[in-house]
Amino acid sequence: MTQSASTQPSVADCRRQAEDFLVKGRQHLVEEDVLQASEKGCCGVRRRKWLKRLPNRAAGPTTATAGSTASFGSIVRSLVAETGDTQIFTLFQVASGLHRNFCEDWQPLEMVQAGLDDIEQFLVKLQPLTGTEGAPSAGKRPVLTAKTA
């Protein structure tokens, strides 16, 4: 069952969801739950609702099934072609690494923390491409304790 265009979340709603995932990921880090922090970090970027909005603007039709992992690569490649910003590739790979860590549990807390910082930068780079400019929600970033930092 597919949603009609009128019931699908707006791009701004998707951005807020992505930011919420990032905030939840940071909260999991405070709790030293690196697996859940990893999952929330990658979900912020790899959400199908968020990235599926971008091909209409940047990529046009792709040979990959919409929403598949392969379609993410096509979308990211198109975004880099449009902007000339190859750091988008790197930041998307961070999201992929966080997803892999959620499945395999191999990254220490410090790597996941750095990954979440990179995901925040990725979301900032997507803002002008989605018409959702503005700083990410301020004040939601938990302060890490000496134990977790």
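The values are calculated or read from the model by the stated rules, or taken from the named source; none is laboratory data. Just so you know, these numbers come straight off a predicted model, no measurement behind them. Here the Cβ positions follow ideal geometry from the backbone for every residue, glycine too, while neighbour counts run over all protein chains shown.
So the values come out like this:
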read-out	value
The range 22-51 - residue that is of a type in the set (A, V, I, L, M, F, W, C) and modelled with pLDDT of 90 or more and, of those, nearest to the chain's Cα centre (by Cα)	L22
Boolean, G73 is at pLDDT 70 or above, closer than 21 Å to R15 by Cα and buried (at least 18 other Cβ atoms within 10 Å of the Cβ)	no
